[in-house]
Amino acid sequence: MYRLIYKSRSPSPLDWDTVVSILHDSKENNEKNQIGGFLMATRHHFLQVVEGKFEDVNTTFMRIVRDPRHTDIVMLSYEVIDSCLFENWGMKGIGVFGNNDELSQRLIAKFGEEDGGVRFPRESWMALALILDVREVAELPEWKR
Ligand SMILES: Cc1cc2nc3c(=O)[nH]c(=O)nc-3n(C[C@H](O)[C@H](O)[C@H](O)COP(=O)(O)O)c2cc1C
């Protein structure tokens, strides 16, 4: 199995509705391809993990990079893994928009700030640390599975 992590920028400010429509577009594909996807969004940036078989991660990422809903896509890591962090997830996501909510504040204190939200790190190990923190604390509604 493989894990790919990338970050990108949204051309216009993000809100939860936009994130939900991306999750909606992705869910069916990811389930069909046995891809585990986890998307984090701040007001201006995305950070995503895509896990699955090599071919499936490749074809999914090829679709993702062509999507005009984001730009400045930077691949942070693409590696062989023994076990998935997001197995059978299909697609889930979380928005950390406000700098007044508790999770945003905590992440900003730990990982720094960019454009008013948590800074998504370029270092792959730090991005993974952030993802694990969120995975542990976030209440992700069932329907986003
Ligand atoms: C930030 C972001 C993350 C996305 N993640 C996925 C994903 O994990 N899986 C997926 O199939 N599509 C994902 N998409 C949507 C794809 O870009 C594309 O719209 C979708 O796969 C439908 O493609 P199709 O019309 O060629 O079937 C994502 C889009 C954005 C902007």
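Read the figures in this text as sums done on the coordinates, not as results from a lab. Here the structure is a predicted model, which is why all the values come from computation and not from measurement. Virtual Cβ from ideal backbone geometry, glycine too; neighbours counted across all protein chains shown.
Find all pairs meeting these conditions: Cβ atoms under 8 angstrom apart; at least six residues apart or on different chains; first residue within segment 18-31 and assigned to a helix (DSSP H, G or I); second residue surrounded by fewer than 14 Cβ atoms within 10 Å (Cβ to Cβ) and among the charged types (D, E, K, R).
Matching pairs, first to second residue: Asn29/Arg63.
For the subset of segment 82-103 comprising residues that are surrounded by 13 or more Cβ atoms within 10 Å (Cβ to Cβ) and more than 15 Å from Leu14 (Cα to Cα), which member is nearest to the ligand (Cβ to nearest atom)?
Among those that are surrounded by 13 or more Cβ atoms within 10 Å (Cβ to Cβ) and more than 15 Å from Leu14 (Cα to Cα), it is Met91.
Answer yes or no: is there a residue in segment 68-82 that is of a type in the set (D, E, K, R) and free of Cβ contacts under 8 Å to residues at least 24 places away in the same chain.
Within segment 68-82, the subset of a type in the set (D, E, K, R) is 69, 72, 79, 82.
The next check asks that each one be free of Cβ contacts under 8 Å to residues at least 24 places away in the same chain; those that pass are none.
No, there is no match, as no residue in segment 68-82 is of a type in the set (D, E, K, R) and free of Cβ contacts under 8 Å to residues at least 24 places away in the same chain.
Need the failing condition index for Phe38 against (1) near the ligand (Cβ under 8 Å from one of its atoms); (2) under 15 Å from Met91 (Cβ atoms), just the number.
(1)
Can you give me the number of residues within segment 114-125 that are more than 16 Å from Gly95 (Cβ to Cβ) and outside any helix (DSSP H, G or I)?
Within segment 114-125, residues that are more than 16 Å from Gly95 (Cβ to Cβ) and outside any helix (DSSP H, G or I) number 3.
I'd like the residue in segment 50-72 that is within 16 Å of the chain's Cα centre (by Cα), near the ligand (Cβ under 9 Å from one of its atoms) and not in a helix (DSSP H, G or I) and, out of all such residues, is nearest to Met1 (Cα to Cα).
So the residue we want is Val50.
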